[in-house]
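Read-outs throughout are calculated quantities, based only on the coordinates presented, and are distinct from any laboratory measurement. Quick caveat: nothing in here was measured; it's all calculated off a predicted structure. Every residue, glycine among them, receives a Cβ derived from its backbone with ideal geometry; neighbour counts consider all protein chains shown.
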Amino acid sequence: MFVPTVLLATVVHKKCFTCAICDTQLKLGGCAEDKLLKRQFGLMYFCPTHMLLNRDQKLDLLKKRFPVLEHLD
């Protein structure tokens, strides 16, 4: 059954609403997006642990998780 979560006019499937780095299930009010990374890669959300990292730290972790991003800066 599809149970949508609505985030600022963006509909995200509840099972897909996870941290871009660690894949932890997120909750409304307990996550953040990175506007700089959004411009480069599109909409991504981060858990409380990873939302506190700076852009470069997040990018390094994303490159480790998704090797196809290795060539991007």
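Which order, highest average first, do 53-59, 15-21 follow once you tally other Cβ atoms within 10 Å for each residue and take the mean per peptide? If you can, show how the numbers build up before the last one.
Values: 53-59: 13.9, 15-21: 16.7.
The packing order, highest mean first, is 15-21, 53-59.
Determine by what factor the alpha-carbon radius of gyration of the stretch 15-69 differs from 2.2 N^0.38 Å, reporting the quotient. All intermediate terms of the calculation are to be shown ahead of the outcome.
On the way: Rg = 10.3 Å, N = 55, 2.2 N^0.38 = 10.1 Å.
Its radius of gyration relative to the 2.2 N^0.38 Å reference: 1.03.
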*Among the listed pairs Lys27/Lys63; Lys38/Lys63; Lys14/Lys63; Lys38/Lys64, which are separated by more than 21 Å between their Cα atoms?*
Lys27/Lys63; Lys14/Lys63
*Taking amide hydrogens as modeled 1.01 Å from N in the peptide plane, which residues meet the under 5 Å criterion relative to Ile21, leaving out close sequence neighbours?*
Cys47
